[in-house]
Structures are given as C-alpha cells and as structure tokens.
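Following: one structure in structure tokens, then a few remarks.
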Amino acid sequence: MKVEKFHHVAFRCKDAKETVEFYKKILDMDLIGAIAEDHVPSTKAPDPYMHIFLDAGNGNILAFFELPNSPPMGRDPNTPEWTQHIAFQVKDLDALEEARHRAVAAGLNVVGPTDHTIFKSIYFFDPSGHRLEVAAWTAAGDQMSRMQSVAHDMVEEWSRTRKPPRHTAWLHEKEFDSAR
C-alpha cells in the first residue's frame, strides 16, 4: 500500500466563519464543505463542533474544527512558533508576490520573501495563530536531485550525532554569509 495524497489535513480554529473569510481573502481558497454535529462520530463523545473544508488546490483539502466547548486554543510552549506551519505552493514568483501583497494589504505582518535556494517563501499567521508559509519553487539544474541524493545519509548522521549535517549547507550559505 502506498499513500496517494492527503485526503485532508485538519487543525483547530477559533472561529469557523472568520477562518473561511480569511482563507478566501488572503489565499483565494473556497469553502467546499462543512459538517456540524453534537457528537464526535469516531468516539461518540458529546462535543459539538463545526468542521470546515477548504479547497487547497489539486484535490488537496485543508480542514478546521471550531470546538466551542473546549478550553481556549493554545500551542505547544516547548516548540518554537516557526516550526509548526502550513505551507502552500503557488505557481511562480509572481503569484508569491501577489500573496505577499494581499497579506500586507490585510494588515498582516509578513516575513520574507525568504530565499531557500530551491524555493522562495513568505510567512504570516492566520487569525487562529497558525503560521502559514506560501512558497514558489525556484530550483534549477540538479539542485533537487543533489538534495535527494544525500537525504538518507543526513538523517542517519543526525540520528547518530544530533548535529546538523552539512550536506545541503549550500541551500542557505548566502543567507548566513550575509548575516555575518
């Protein structure tokens, strides 16, 4: 058995309506479905919820749950906020600039574009506090195959040493050199 693709990825949101409006305005994602129940189908627990489904393109679905009877949303205080994020791919650098413009026009604090060599991306937060990344591929030549060819070796080295292997340092060397 091999997974074909994501069916959907689900997160919690503070307000379903606000979330639908945000994702439509900033990322032009359409609401394609909603489910609301008083009981959780898988556990039968009494817990009313609104479950919304947004079209993330190419059959990908981003979903959210609004849970009015649960304690307020939080985040893992032991995980840096830059770590957990939802990354969306756009067609090209023009689309990335359009996304940046929409986010800035909406008053969001946008970081980037950040150059990761094989793609450029911007970052901002949604109304529920989820960090979002919008990325456009910029890979050239054999960059992707170079990265893939060392991936297993890097994971093995990391597993042994817990120190960053340098196999793909070329991805960010420009950024770190200019910061010094």
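General observations
- Residue in the stretch 37-54 that is within 17 Å of His130 (Cβ to Cβ), outside the structural domain of Ala106 (by TED's automatic domain parsing) and assigned to a loop (DSSP other than H, G, I, E, B) present: no
- Residue under evaluation Arg75, criteria (1) touching a strand residue (DSSP E or B) at 6+ places or on another chain (Cβ under 6 Å); (2) more than 15 Å from Asp28 (Cα to Cα), criterion not met: (1)
- Flag for Ile122 being of a type in the set (A, V, I, L, M) and buried (at least 18 other Cβ atoms within 10 Å of the Cβ): yes
- Residue tally, condition under 30 Å from Asp76 (Cα atoms), in a loop (DSSP other than H, G, I, E, B) and hydrophobic (A, V, I, L, M, F, W, C), over the stretch 112-161: 1
- Among residues of the stretch 142-160 that are closer than 17 Å to Thr117 by Cα, those with a Cβ under 9 angstrom from a residue that is assigned to a helix (DSSP H, G or I) and aliphatic (A, V, I, L, M), sequence gap 6+ or separate chain, pair up as Gln143/Leu171; Met147/Leu171.
- In the stretch 90-105, residue nearest to Phe64 (Cα to Cα) [restricted to those that are in contact with a strand residue (DSSP E or B) (Cβ under 9 Å, 6 or more places away or on another chain) and exposed (fewer than 13 other Cβ atoms within 10 Å of the Cβ)]: Lys91
- Boolean, Phe65 is touching a Lys or Arg at 6+ places or on another chain (Cβ under 7 Å), within 22 Å of Ser128 (Cα to Cα) and assigned to a strand (DSSP E or B): yes
- A single member of Ala87, Ala63, Ala56 is surrounded by fewer than 14 Cβ atoms within 10 Å (Cβ to Cβ) and not aromatic (Phe, Trp, Tyr), and it is Ala87.
The values are calculated or read from the model by the stated rules, or taken from the named source; none is laboratory data. Here the structure is a predicted model, which means the values were calculated and not measured. Cβ atoms come from the backbone with ideal geometry, glycine included; neighbour counts cover every protein chain shown.
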